[in-house]
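This report concerns only the one structure given below.
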There are 4 protein chains.
Amino acid sequence: MRRAPRHGMNEPIGRRRWAIAEGWIPSGSTGPAPQMTSHETASILNVSDADAHVEITIFFEDRDPAGPYRITVPARRTVHQRFNDLRDPEAIPRDTPYASLIESDLPIIVQHTRLDSRQAENALLSTIAFAAEE
Amino acid sequence: MRRAPRHGMNEPIGRRRWAIAEGWIPSGSTGPAPQMTSHETASILNVSDADAHVEITIFFEDRDPAGPYRITVPARRTVHQRFNDLRDPEAIPRDTPYASLIESDLPIIVQHTRLDSRQAENALLSTIAFAAEE
Amino acid sequence: MRRAPRHGMNEPIGRRRWAIAEGWIPSGSTGPAPQMTSHETASILNVSDADAHVEITIFFEDRDPAGPYRITVPARRTVHQRFNDLRDPEAIPRDTPYASLIESDLPIIVQHTRLDSRQAENALLSTIAFAAEE
Amino acid sequence: MRRAPRHGMNEPIGRRRWAIAEGWIPSGSTGPAPQMTSHETASILNVSDADAHVEITIFFEDRDPAGPYRITVPARRTVHQRFNDLRDPEAIPRDTPYASLIESDLPIIVQHTRLDSRQAENALLSTIAFAAEE
């Protein structure tokens, strides 16, 4: 007989503001598209019972920020958003350093992953984003 | 003669609620099984003197969450749990984005690692999970 | 009709003091320079409306620290600073373990990335830096 | 004319207790030793003006913990400690999941890195360790 912890199953988990300082979408790829296409992803998790409305702002080295890009993360769902696929209000340029600010009306969790397939074998990186205090 | 710090050797370390926003088990592998099989792992550490009862819930992009998956991390032990090996109540589909919520009745530490061996050379990523405030 | 969250768009995000314990610039590279040159980068994001003045101090295993290296991260910009390119007051030696302390007069976000291209295929790692409490 | 921030240059940065849930030293390697030998490293930074006395305890899946392993991180120095090189009180077995608890008498910063060179091209991972509240 074991205990069922389930502490706080209904409590929110996460933060409303996140930042990812590292960003770079390589222009080249090897391997079959789209799985092996070089890309950067913000993986977002919303464990709450309501939809989260998320805005992403992209910062650059030598121009004003782009965005906001708006996405919805439905209640009790995850969205793995490729930065490559952001189009509105503008596409993110390749081979260009950028950073991102991710703001939500509900607590979410954000993780950053890059697949770099410019060379024959892929490189993968992932890191938790920086969560602002609330 | 050096000092023995041992501050808080008996104090708990960790948190009770963790989240990993990034999840993906590749369906393909190269190299000898099982070490070189593509997999995702949640490495869990319990430094306390009692067993920790852990529940994992898996979130998807387009369906309701799966779980809870129940595992026990014994007192003063680590468990490196492959998501590939979770079977009850259901296996986690391959090539499908997911995220996970990890809840425990005692403080634990959680780290996330993926070995991707779809191509000839492996890619490895690891990141600390997000820890909820308590 | 969706809500525009924009909570705190004008609030600062980040911290003033960061540390990266891991540092190593490989001396060898393969692939076209400079993109594929082995390097370590501190990606810094400043979302505030004023320029951030940043000082980097480099720590070694067997000698006194080097620095400070001074860089400016303009308002609402990111700088992806390669440690390879730091020259004043001195270059950082290759194949030598180091660590870094990054201090700013305004809140910033810092992430650490290494591209290791000593062998034919690159390895990539990235991790959020450690943020001091304020 | 720019400001010299130097806020808190003499304030401690870091925490006294850290944990790394993921650990695995591969038994095989390719490439020249020792740089390309598969290894796991705890990179530790001590920015304070006094030596830090550090104790590492290693946790396993199926036996009692090993240690403590004692190392000194001198004032204003970093130590990149390979787990492969820990010998006293016992070597860490290869191909075995483990986790580590790192305790210091002064605040330090800890980062975890693995070089996996079992296959022809290396895989690298790195993540910040989990810092206990104080």
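The values are calculated or read from the model by the stated rules, or taken from the named source; none is laboratory data. Just so it is clear, the model here is predicted, and its values are computed rather than measured. Because the Cβ atoms are built from the backbone with ideal geometry, glycine has one as well, and the counts that use them run over all protein chains shown.
With the requirement that a residue be over 17 Å from D:Val54 (Cα atoms) and either at pLDDT 90 or above or more than 8 Å from chain B (Cβ to nearest Cβ) (or both), what does the range D:102-117 give you?
D:Thr113, D:Leu115, D:Ser117
Of all residues in the range B:52-69 being within 7 Å of another protein chain (Cβ to nearest Cβ) and assigned to a strand (DSSP E or B), which is surrounded by the most Cβ atoms within 10 Å (Cβ to Cβ)?
Across the range B:52-69, the extreme among qualifying residues is B:Phe59.
Going through B:Ala99, B:Ala42 one at a time, which residue ends up being within 12 Å of chain D (Cβ to nearest Cβ), surrounded by 17 or more Cβ atoms within 10 Å (Cβ to Cβ) and in contact (Cβ under 8 Å) with a residue 60 or more places away in the chain?
Of B:Ala99, B:Ala42, the one residue that is within 12 Å of chain D (Cβ to nearest Cβ), surrounded by 17 or more Cβ atoms within 10 Å (Cβ to Cβ) and in contact (Cβ under 8 Å) with a residue 60 or more places away in the chain is B:Ala42.
Condition (residue is more than 14 Å from chain C (Cβ to nearest Cβ), part of a loop (DSSP other than H, G, I, E, B) and either modelled with pLDDT under 95 or under 22 Å from B:Glu55 (Cα atoms) (or both)) applied to the range A:72-83: is it met by at least one residue?
Within the range A:72-83 (the criterion being more than 14 Å from chain C (Cβ to nearest Cβ), part of a loop (DSSP other than H, G, I, E, B) and either modelled with pLDDT under 95 or under 22 Å from B:Glu55 (Cα atoms) (or both)), the answer is yes, since at least one residue qualifies.
Which condition does D:Asn10 not pass, out of (1) buried (at least 22 other Cβ atoms within 10 Å of the Cβ); (2) modelled with pLDDT under 85, if it passes all the others?
In the conditions (1) buried (at least 22 other Cβ atoms within 10 Å of the Cβ); (2) modelled with pLDDT under 85, D:Asn10 misses (1) alone.
All but one of (1) over 14 Å from the mean Cα position of the chain (by Cα); (2) of a type in the set (Gly, Ala, Ser); (3) farther than 24 Å from B:Arg77 by Cβ hold for D:Ser43, so report the exception by its number.
(1)
Quick one: how many residues across the range C:29-44 are modelled with pLDDT of 80 or more and of a type in the set (A, V, I, L, M)?
Number satisfying all stated conditions: 2.
Looking at A:Pro26, A:Pro5, can you tell me which residue is closer than 30 Å to B:Arg70 by Cβ, buried (at least 17 other Cβ atoms within 10 Å of the Cβ) and at pLDDT below 90?
Selected residue: A:Pro5, the only one of A:Pro26, A:Pro5 that is closer than 30 Å to B:Arg70 by Cβ, buried (at least 17 other Cβ atoms within 10 Å of the Cβ) and at pLDDT below 90.
Report the residue count in the range C:70-96 for those that are crowded, with 22+ Cβ neighbours inside 10 Å and hydroxyl-bearing (Ser, Thr, Tyr).
Final tally of qualifying residues: 1.
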